[in-house]
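Nothing in this text is a laboratory measurement; each read-out follows from the coordinates by a stated rule. Computed from a predicted structure; not experimentally measured. Cβ atoms come from the backbone with ideal geometry, glycine included; neighbour counts cover every protein chain shown.
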Amino acid sequence: MNILVAGGAGFIGSHLCDKLLKNNCVIVADKLIFGARNIQHLCSDKELKANGKFKFYDMELAEQMNIDRLFSENKIDVVYHMAANSDIQKGGNEPSIDFNDTFLSTRALLEGMRKAGVKNMFFASTSAVYGEMLDVQLSETTGGIKPVSYYGGAKLASEALISSYVSMCDMNAVIFRFPNVIGPRLTHGVIFDFIKKLRKSPYELEILGNGKQCKPYIYVFDLVEAIIKLTDSFPSGEEVFNISVESEGTTVTHIAQIVVDVMGIKNVTFKYTGGDRGWKGDVPRFSYDISKVLSTGWKPQYTSDEAVRQTVEDAIKAGM
C-alpha cells in the first residue's frame, strides 16, 4: 500500500514509519519543527531525497494547496494523521499553534481525502480531550467531556470533524486517545526537562507543582504495535480506543527519582514550585479504562514505571 504519514518526522510518527516501511511505501509530510533527525536514516542523503519505498515532503500541512498536491502526485491508500502540536505548555502560551498544527491540518487532510476518494484514516488523539475528570474512570463513551487546554480542545474538535467526514463521505477512521508517550527520540516533556536541569545543576532539581501529579506513561514501541495491529484492516465507520498501560501511573516525584537513579547522581534536593499541577491546562491525574483495546488481543509490554526508566536509559545512551 501507499501510506501517507502526516507528521511522520515527529517522535511518534517516525517510529510508526519505521514499522510501516517493512510492508508498504510511505510518504511523509512534515514541516520539520524538530528537524529531520528522526527520519534521516530513511533517506538516501542529507537532502531527504526519496529512498526506495520512502518519500518526503517538507510542507505546511494546514495549507489545503499543499495537501491537494500530495494527493495529486501520489496514489494514497491510507492516511495516518500524526501531525499536531505536541507540546501542551507551548500551545498554552500561544493558542494559534494548536489551532493551526492540529485542527487546520485535520481539516486539510480530510478535504484532500474527500477529493481524492481516500477512505481510511488513523488519527492520533489524546487523553486531554476528556478534560479534568479526576474521580471518573474514563472510557471511550464517557460523556460531558470538556477539554481544559487548547491542545485538548483542538484534538476534540478534530475528532468531531473526522466523525462528520466518516458519515458524509463513507470514510473509515480509527482514533487512539493516548496519554504521555515516551521512548527513543523524545523531544520534550518531564523526563526531557529533568535530565536537562540535572545536567545544568546536579545538586538541586526544580519540580513543577507538588510532585504528586500522576499519569500513565506508555512506551512508544508499545503504542506503535497497537496502531499497526488495529489498522491492519480498517473497520467500517469509526472506532475510538483509549490506549495506555495496564499499571497505575507514575508520579512526577517518582520520575525524578528514576532520573536521578539512572544518571547516578547522589544527594539531589527536590525543590517544588507548589500547587497541584505544573501549569494551567495540566490535568494532575486521570484514570483510564482500556478494556476495549485489551479485548483486541493487544497488550503493552512495559508498565508506566518501566517505560519511564527505559526512556531515561534511552536518552542517556543517546548522549542527551
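Using every Cα-Cα pair within the chain, state what percent have a distance larger than 29 Å.
Of the Cα pairs, 35 percent sit more than 29 Å apart.
Paramagnetic label reach from Glu206 (point 7 Å along Cα→Cβ; backbone nitrogen cut-off under 14 Å): within the range 246-279, residues 270-274, 278-279.
Computed extension gain for Val136 through Arg37, at 0.36 nm per residue and net of the alpha carbon distance, reaches 31.7 nm.
A dipole drawn for the range 71-209 from +1 and -1 charges on Cβ atoms has a positive end, and of Ile76, Val148, Ile162 the residue lying farthest that way is Ile76. Mean residue ellipticity, 222 nm, helices only, the chain: the sum of -39500 (n - 2.57) across DSSP H runs of n ≥ 4, divided by residue count and rounded to 500, is -10500 deg cm²/dmol.
Considering every pair of different Cα atoms, what Kirkwood radius, in Å, is found for the range 183-320? Don't jump to the answer; show the numbers that get you there.
Working: mean 1/r = 0.0612 Å⁻¹.
Answer for the range 183-320: a Kirkwood hydrodynamic radius of 16.3 Å.
As a ratio to 2.2 N^0.38 Å, the alpha-carbon radius of gyration computed for the range 124-208 takes the value 1.47.
Hey, what did the range 1-83 get for relative contact order, percent, Cα under 8 Å, at least 6 apart? Mind dumping the intermediate values first?
Numbers: 140 pairs, mean separation 34.4, N = 83.
Once divided by the residue count of the range 1-83, the mean separation gives 41 percent.
When the GluC sites (Glu not before Pro) in the range 230-265 are filtered for DSSP coil states and for at most 15 other beta-carbon atoms within 10 Å of their beta-carbon, the remaining sites are Glu246, Glu248. For the range 163-266, the residue among Phe221, Gly264, Asn172 whose Cα projects farthest onto the positive side of the dipole built from Cβ charges is Gly264.
For the range 226-320, what is the relative contact order in percent, using Cα pairs closer than 8 Å and at least 6 residues apart in sequence? Kindly include the intermediate steps, with their values, before the conclusion.
Working: 45 pairs, mean separation 47.7, N = 95.
Worked out over the range 226-320, it gives 50 percent.
Looking at the square roots a ≥ b ≥ c of the eigenvalues of the Cα gyration tensor of the range 234-284, which shape do they give, rounded for a/c under 1.5, prolate if a/b is larger than b/c, or oblate? Taking the square roots of the gyration eigenvalues as a ≥ b ≥ c, the range 234-284 is oblate.
If you take all other residues with their beta carbon under 11 Å from the beta carbon of Ile258, and give Lys and Arg +1 and Asp and Glu -1, the sum is -3. Between the beta carbons of Ser164 and Tyr272, assuming R0 = 56 Å, the FRET efficiency works out to 0.80 to the nearest 0.05. Relative contact order of the chain, taken over Cα pairs closer than 8 Å and 6 or more residues apart, is 18 percent. In the structure shown, the pairs Lys119/Lys146; Lys197/Lys266; Lys197/Lys280; Lys155/Lys215; Lys146/Lys280; Lys90/Lys266 are assessed against 23 Å; a Cα-Cα span above that value is assigned to Lys119/Lys146; Lys90/Lys266. The DSSP beta bridges internal to the range 108-264 are antiparallel in roughly 10% of cases.
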